[in-house]
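Single-structure report; data block below.
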Amino acid sequence: MGRILAIDYGKKRVGLAVTDPLQIIATKLTTVRSHDIFDFLKAYFQKEVVEKVIIGYPLQMNNEASEAVLYINPFLRRFQKLYPDMPIEQVDERFTSKMAFQTMIDAGLKKKDRQDKGTVDAVSATIILQSYMEQQKYRP
């Protein structure tokens, strides 16, 4: 069994989270600059067994894609071209940044730490991954 990697892709930064090899726990991994993501993924895939990739896909309240798909869709196309055998699933990422911020408050992070957008992105990826894992529990 391999890990599940979650990606919260942004214009400037990419938040990453990953499960343990048994796919029980979601943990924030890191944040990388968007233009470095494919170098990071190449290195990560060489050292870890990844079974599936989950990507946060931004939807609006009416379930239509948001403007952010203008830079997420090219990422998805390139990813699928480089890794055609890697399963990838899109997960609704509405409200994950707000949830990440609240999670950081609840965890007692200082205001200065909560203002680090890289941390928010990594926590958002963790929330995306955790919600995906919760949904999988209830699928037949």
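Structure values in brief
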{"read-out": "Residue within the stretch 57-64 that is surrounded by 12 or more Cβ atoms within 10 Å (Cβ to Cβ), modelled with pLDDT under 95, touching a Lys or Arg at 6+ places or on another chain (Cβ under 6 Å) and not hydrophobic (A, V, I, L, M, F, W, C) present", "value": "no"}
{"read-out": "Filtered residue count, the stretch 8-51, keeping only those that are in contact with a Gly (Cβ under 8 Å, 6 or more places away or on another chain), within 18 Å of Leu82 (Cβ to Cβ) and either of a type in the set (Gly, Ala, Ser) or modelled with pLDDT of 95 or more (or both)", "value": "5"}
{"read-out": "Tabulated pairs, the stretch 68-88, first part of a helix (DSSP H, G or I), second surrounded by 12 or more Cβ atoms within 10 Å (Cβ to Cβ), C-beta under 6 angstrom, 6+ apart or interchain", "value": "Ile72/Tyr9; Phe75/Tyr9"}
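The values are calculated or read from the model by the stated rules, or taken from the named source; none is laboratory data. Please read these numbers as outputs of a predicted model, since none were measured by experiment. Glycine also receives a Cβ, built like all others from the backbone with ideal geometry; neighbour counts cover every protein chain displayed.
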